[in-house]
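Working notes, structure below.
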Amino acid sequence: MKLHQEFVIARPIEEVWSFFRDVPRVAVCVPGAEYIGPKDDGRHAGKVSTKVGPFQASFEGEADVRYDEAAKSVALEGKGVDRKGASRGKMTMACALLESGAGTAIVVDSDVQLSGTIAQFGRTGLITEIANALVAGFVTNVEAAIGAGATTVAREPDAAASPSTPPAAKPISAVALLILALRGRFKSLFRRTA
């Protein structure tokens, strides 16, 4: 399943690029994500959990993240397994940062492959709605984390607290996902009748 998303973070491109190069800080901003740590081969281990009604998934896996300094782009290849639900997921992602006024536009193209129980949700379009909700939460969390880091540095330049410790991200709620899914369904119905 291919996903295309575009969003703007209200921070200058150099700040956003510097932030994106800090994998643990970025991971904390993804709702439901937990950064486990770096692996010996340079990959990063992590976990992403979500709950939609009675369905709960917790994918644990690893990702290879590559940066292109000149192009201000990130390439990611990841895979994970939900041992409880016997589901598997693979994802490739290309993310480009572009100047957008005083902010930074981010264009993300992903290819997600799902198998097992969770694959049925991909067919209903729910995965797209979950991805859109995750992006909305991610943008809010990134702006808060970058702002908190900038504020901490300005107020306490030699304090023991590190500006690279962002606030903990809140997992996305099932109610928010349900509302987004219903809204998506209504939009698709109106597009067909128009």
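If you take the square roots of the eigenvalues of the alpha-carbon gyration tensor of region 1-143 and sort them as a ≥ b ≥ c, do you get rounded (a/c under 1.5), prolate (a/b over b/c) or oblate? In terms of gyration-tensor shape, prolate.
Length gained on full extension, Lys47 to Leu3: 13.8 nm, using 0.36 nm per residue less the C-alpha separation. In region 18-139, a dipole from Cβ-located charges (positive for Lys and Arg, negative for Asp and Glu) runs towards its positive end, and of Ala57, Gly103, Ala75 it is Ala57 whose Cα lies farthest in that direction. Taking amide H as placed 1.01 Å from N in the peptide plane, the amide H of Ile36 sits under 5 Å from that of Ala45, Gly46, Lys47, each at least 5 places away or on another chain. Applying D = kT/(6 pi eta Rh) to region 39-121, where Rh is the Kirkwood radius over alpha-carbon pairs, T corresponds to 37 °C and eta to 0.692 mPa s, the Stokes-Einstein value obtained is 228 µm²/s.
Any read-out appearing in this document is the output of simple, stated calculations on the displayed coordinates, not a laboratory observation. The structure presented is a predicted model; accordingly, all values stated were derived computationally and were not measured. Every residue, glycine as well, gets a Cβ built from its backbone with ideal geometry; the counts of neighbours run over all protein chains shown.
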